[in-house]
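A short write-up of the structure that comes next.
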Amino acid sequence: MAVIERKIMKLSDQKKLHILAAAEQLFYEQGVDATSMDDIAKLAKVSKRTVYNHFDTKEQLFHAILFKMKDELMSTEAVVFDLSKPLHAQLQAIAEQEVQLLTSENFLRIAKIAFMQMLKDPELASQLGSNKVGCMIFIETFLKDAVDANALAIDDIEFAAKQFLFQLKSFIFYPHLYGFEKPTPEQQKHIIEQTITMFLARYENK
């Protein structure tokens, strides 16, 4: 009996994943408002009733996709400040990790879906804006440790963290999001190098 229950649970979980994947694809391709629960059920190859068994409303399904994205972004591996290593190399590791995330296909898909909805829902924009994701989760701790070790001189840690990561977003992430000309891998390396150079010129304790 227990084996049967486990199989039923696995099937239910599998259908839920199919529903989430179908909704994500349709929301990305045609927008949340233009997508119906019937469309999602058809693409997921489940009944409409099954969709509603897992998600009461389309809004709930949309938020489930956002939470899924947040869970993935929370799995970022933190870079811990190490006084014995060159500061430039440590900042480069942070920047490269952030760029890898910002240019990943999955992140861009979810970001586009969220961006379209944020234009219509200021409250959603406020909620998402207050969440720390990617390297923002740990960079403030990294910078504080660097300041405590006298490697950096920063008065406003939060501002400096945003200054570093938002420059990468401005030159690399937003062109991808808006469909502008995307920087090549070589251009991305140049942007990372310039971001680090400018940051250290402003904050490094010499």
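Here, each number is a calculation from the coordinates, and none is a lab measurement. For clarity, every value in this text was computed on a predicted model and none was experimentally measured. Every residue, glycine among them, receives a Cβ derived from its backbone with ideal geometry; neighbour counts consider all protein chains shown.
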### Query
Counting pairs of alpha carbon atoms under 8 Å apart in space and at least six apart in sequence, what relative contact order in percent does region 2-64 give?
33 percent
### Task
Starting from the amide H of LEU152, placed 1.01 Å from N in the peptide plane, find each other amide H under 5 Å away whose residue is 5 or more places distant or on another chain.
VAL147, ASN205
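With r defined as the distance between the Cβ atoms of SER47 and PHE115 and R0 fixed at 30 Å, what FRET efficiency is calculated, to the nearest 0.05?
So the FRET efficiency works out to roughly 0.45.
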### Stretch gain in nm, segment GLN100-ASP56, where the contour uses 0.36 nm per residue and the Cα spacing is subtracted
12.4 nm
### Message
Could you work out the relative contact order of region 74-203? I mean the mean sequence separation of Cα pairs under 8 Å and 6+ apart, divided by the number of residues, in percent.
### Response
34 percent
### Message
Need one number for region 74-203: average projected area of the convex hull over its C-alpha atoms, nm².
### Response
8.2 nm²
### Task
For THR103, enumerate residues with amide H under 5 Å from its amide H, sequence gap 5+ or separate chain, H modeled in the peptide plane.
none
